[in-house]
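What follows is a single structure, written as structure tokens, with notes after it.
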Amino acid sequence: MTRAESNHIGLAGRVATALRYLCLTAVLVGVVGVAGRLLFWPLLTSTVGPTAYVFAAHPQSESARFRNAVVGHGVAIGTGVGALWAFGLINHPSVSATGAPSLVQVAASAVAVGFTLFILEILGSHHAPSAATALLISTGLARPGSPLIGLVLGLAIVLVLGPSCGRIPIARATASRETVPMP
């Protein structure tokens with residue numbers, strides 16, 4: 001096989017894999033968005049996207065394990081809300097309302113994300129998108145009330161559907177990042 005043929009197969013494989021990611025993440029995010037629209041609830045949050053990505057692009061990874069995703073986001077919700085309470089920010093405006101974080105919000109966010117990672121390491125439940133969840137809550141963007149309930153409901157949909165979507169065999173061989181050996 002010539003180098004040009006190998007590159008062509010590589011590009012075709014990358015395109016097939018990219019289309020798989022496009023379809024699976026679009027379905028996951030689309031379902032969450034439509035559910036939010038039907039419920040008149042803010043279910044689409046910036047933690048839904050990374051979680052959908054992990055399930056679609058890396059379904060065999062430690063981070064895509066259902067248990068790790070549930071534990072990860074659960075811990076992040078706890079540390080995010082805990083940081084709001086501990087730093088007296090439960091009624092403080094979010095960073096989107098103030099335009100920039102206060103130093104107290106920076107400290108709360110650092111503690112929330114740090115403790116999330118600390119606890120996940122202890123529990124052996126790594127799920128990178130959970131750091132986004134801790135950050136969304138500790139900055140007040142997904143504060144307790146309807147924003148936090150929306151975040152939880154949106155994540156619940158992705159957590160239920162995501163592992164199944166990741167197992168769909170569309171472009172399965174190329175999604176595993178197998179490469180053609182070069183002579």
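The values are calculated or read from the model by the stated rules, or taken from the named source; none is laboratory data. Keep in mind it's a predicted model, so treat the numbers as computed, not measured. As a convention, Cβ positions derive from the backbone with ideal geometry for all residues, glycine included, and neighbour counts pool all protein chains shown.
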Those residues of segment 86-97 that are under 25 Å from the mean Cα position of the chain (by Cα), more than 12 Å from residue 142 (Cβ to Cβ) and buried (at least 17 other Cβ atoms within 10 Å of the Cβ) come to a total of 1
Taking residue 54 and the conditions (1) modelled with pLDDT of 95 or more; (2) within 14 Å of residue 158 (Cα to Cα), which numbered condition does it fall short on, given that it satisfies the others? (1)
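Of 71, 31, which residue is in contact (Cβ under 8 Å) with a residue 60 or more places away in the chain and within 20 Å of the chain's Cα centre (by Cα)? Break it down stepwise before answering.
Numbers: 71 fails: in contact (Cβ under 8 Å) with a residue 60 or more places away in the chain.
From the options 71, 31, the qualifying one is 31.
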Qualifying positions in segment 35-51 - of a type in the set (Gly, Ala, Ser) and surrounded by fewer than 19 Cβ atoms within 10 Å (Cβ to Cβ): 35, 46, 49
Go through (1) closer than 17 Å to residue 130 by Cα; (2) at pLDDT below 95; (3) surrounded by fewer than 18 Cβ atoms within 10 Å (Cβ to Cβ) and name the single condition residue 63 misses. (3)
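Only one of 76, 52 is under 12 Å from the mean Cα position of the chain (by Cα), closer than 30 Å to residue 13 by Cβ and touching a residue at least 60 places away in the same chain (Cβ under 8 Å); which?
Working: 76 fails: closer than 30 Å to residue 13 by Cβ.
Exactly one of 76, 52 is under 12 Å from the mean Cα position of the chain (by Cα), closer than 30 Å to residue 13 by Cβ and touching a residue at least 60 places away in the same chain (Cβ under 8 Å), namely 52.
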I'm trying to understand the selection: among the residues of segment 117-134, which are more than 12 Å from residue 64 (Cα to Cα) and surrounded by fewer than 18 Cβ atoms within 10 Å (Cβ to Cβ)? 118, 121, 122, 123, 124
Of everything in segment 136-178 that's more than 21 Å from residue 36 (Cβ to Cβ) and among the charged types (D, E, K, R), which residue is modelled with the lowest pLDDT? 178
Could you please let me know if residue 149 is out of contact with any helix residue (DSSP H, G or I) (no Cβ under 6 Å at 6 or more places or on another chain), free of Cβ contacts under 8 Å to residues at least 60 places away in the same chain and assigned to a helix (DSSP H, G or I)? no
Odd one out for residue 83, checked against (1) surrounded by fewer than 19 Cβ atoms within 10 Å (Cβ to Cβ); (2) in contact (Cβ under 8 Å) with a residue 12 or more places away in the chain: (1)
